[in-house]
Amino acid sequence: MTGEPSRTALVVVADAVDETLAPWRRRFHAWSAERGIPAHLTILFPFVPASRVDGELLASLRALYAPVAPFAYELARVESFPGVAWLAPEPAAPFLDLIDATRAAFPDHPPYGDPTLEPVPHCTVGGDTGGEDDDRTLAAMLAELRDGLGPSLPLACRAEAATLLVEQADGTWAGGPAFPFEGDRA
C-alpha cells in the first residue's frame, strides 16, 4: 500500500450472521477475512480517500442516513458473478435505495468506480482464486456453499446503520463511524 491513499467504503455490516459466515469466508474469501473486513453488503466502494474524511463529510453522512428506517432482510440464497460467490439479500430494494441515495449525494464516487454500473446488492462469501481453473473452482465453491451453507439459509438480518470502513496502512480494514438509520420504524 505504500504511496497509495487509504481507501474507504460505505457498507451495511451483517453483524447477526458474521459468525455463521466466518468459516465459509475464511475458506473461500480468506483475503477479505484476513484483512478484517466483516460480512457486509456494500453501499459504495470506493468512497473518498481516508485522508478526506473530516467532520463535514461525517455530518453529511449522518444527515443522509438518519432518515432511513431500519429494516429486516434475509440472506436468502447462494448466487454468483464471474469469479465470486455471494448471498442474495431479500428484499434487495432497501439496499438499492441506499445505493441510489448515496450515489446521488456523492456523484463523484460512482459504485465500483463505474458511473454506468447498476450494482447488485450482495454479501460476498467466496472470491476469485486467480488460478487457471477459475470456472471449475467457482463451480466447486458454489456446490460446496449450496450443500453446506444452503440448508441454513435464509439467514435473518437487520440493517440498523451504514458503516464507514477504512483501509489501514498495512492493508487491513477497520470499522469507522456508523451512521444509524433513525427513520420511522415500520
Check whether at least one residue in segment 134-145 is modelled with pLDDT under 95, closer than 19 Å to PRO23 by Cα and not hydrophobic (A, V, I, L, M, F, W, C), and report yes or no. yes
Between LEU10, LEU21, which is in contact with a strand residue (DSSP E or B) (Cβ under 8 Å, 6 or more places away or on another chain), over 20 Å from LEU155 (Cα atoms) and not β-branched (Val, Ile, Thr)? LEU10
Would you check which residues across segment 84-104 are under 14 Å from VAL68 (Cα atoms) and out of contact with any strand residue (DSSP E or B) (no Cβ under 8 Å at 6 or more places or on another chain) and list them? ALA93, LEU96, ASP97, ASP100, ALA101
When only residues in segment 9-37 that are within 19 Å of GLY171 (Cβ to Cβ) and among the β-branched types (Val, Ile, Thr) count, which is surrounded by the fewest Cβ atoms within 10 Å (Cβ to Cβ)? ILE37
For segment 145-181, name all the residues that are more than 10 Å from VAL12 (Cα to Cα) and either in a loop (DSSP other than H, G, I, E, B) or free of Cβ contacts under 8 Å to residues at least 12 places away in the same chain (or both). ASP147, LEU149, PRO151, LEU153, PRO154, GLN168, ALA169, ASP170, GLY171, THR172, PHE181
Which listed residue is at pLDDT below 95, in contact with a Cys (Cβ under 8 Å, 6 or more places away or on another chain) and not aromatic (Phe, Trp, Tyr), from ALA72, ALA33, ALA16, ALA39: ALA16
What are the residues in segment 23-51 that are part of a loop (DSSP other than H, G, I, E, B), under 23 Å from LEU142 (Cα atoms) and touching a helix residue (DSSP H, G or I) at 6+ places or on another chain (Cβ under 7 Å), if any? PRO38, ALA39
Looking only at segment 144-156, which residues are of a type in the set (A, V, I, L, M, F, W, C) and surrounded by 15 or more Cβ atoms within 10 Å (Cβ to Cβ)? LEU145, LEU149, LEU153, LEU155
I'd like to check something: does segment 29-52 contain any residue that is touching a residue at least 60 places away in the same chain (Cβ under 8 Å), among the hydrophobic types (A, V, I, L, M, F, W, C) and more than 22 Å from THR102 (Cα to Cα)? yes
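The values are calculated or read from the model by the stated rules, or taken from the named source; none is laboratory data. Quick caveat, the model's predicted, so the values are computed rather than measured. In this analysis, Cβ positions are derived from the backbone assuming ideal geometry, glycine residues included, and neighbour counts consider all displayed protein chains.
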